[in-house]
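All remarks here apply to the structure that follows.
We did not get these values from a lab; they are worked out from the coordinates using the rules stated. Being a predicted model, the structure only gives us computed values, none of them experimental. Backbone-built Cβ (ideal geometry, glycine too); neighbour counts: all protein chains shown.
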Amino acid sequence: MFSNSLKYAIKAVLYLAQHSCEKQKISAKHISESILVPHAYLAKLLQELARHNIISSSKGPKGGFYLNQENRQQPLINLIRAIDGQQKLSTCVLSLKDCDEKRPCPLHNLVAPSKKNLMDSLEHKTLAEISSEIEKGISFFPL
């Protein structure tokens, strides 16, 4: 359901949520080594996330990527929109271009309620909440 780019971006943002702040910036190279993603590929994703204000960055010898308080309040859906675009989540599971509520594919009515619940959750769950769940041991993130 999620592209590899989005999976890598989510891992990178969660890594930043756990290990960075405005005083503790992390290089793209360090993040890529920690989450096992090719450096050049991850660097482009991080730049895209910074362009969309999902994460913050600064240049220079003490520069790097980090999450500030505003970044932490971003809902997860914004990260998805920045990397994959929202249409990825709203397209037909069988990739039929004419599938909709009026003309559903064979799986549409089976999947539509779950997709709606997922979209609602992604709209309301913030990066801070996900990070807090990791810190409390409610969810597992090994990095």
Reported label for calculated Rg and Dmax of the Cα atoms in Å given [x] 15.1, 50; [y] 16.8, 57; [z] 15.8, 48 = [y]
key: Separation of alpha-carbon centers, the stretch 64-116 and the stretch 2-17, rounded to whole Å   = 15 Å
Cα-based helix-to-principal-axis angle, 108-124 vs the chain, degrees rounded to 10 = 30 degrees
message = Please compute the length gained on full extension between Lys116 and Ala40, using 0.36 nm multiplied by the number of residues separating them and subtracting their Cα-Cα distance.
response = 23.9 nm
message = Suppose every Lys and Arg Cβ carries +1 and every Asp and Glu Cβ carries -1, with no other charges. What dipole size does the chain come out with about its Cα centre, to the nearest 20 debye?
response = 360 debye
task = Would you mind giving the three semi-axes, in whole Å and largest first, of the ellipsoid equivalent to the stretch 8-75 according to its Cα gyration tensor?
result = 16, 13, 11
task = Taking the Cα centre of the stretch 3-58 as origin, sum charge times position over the Cβ atoms of Lys and Arg (+1) and Asp and Glu (-1), and report the length of that vector in debye to the nearest 20.
result = 20 debye
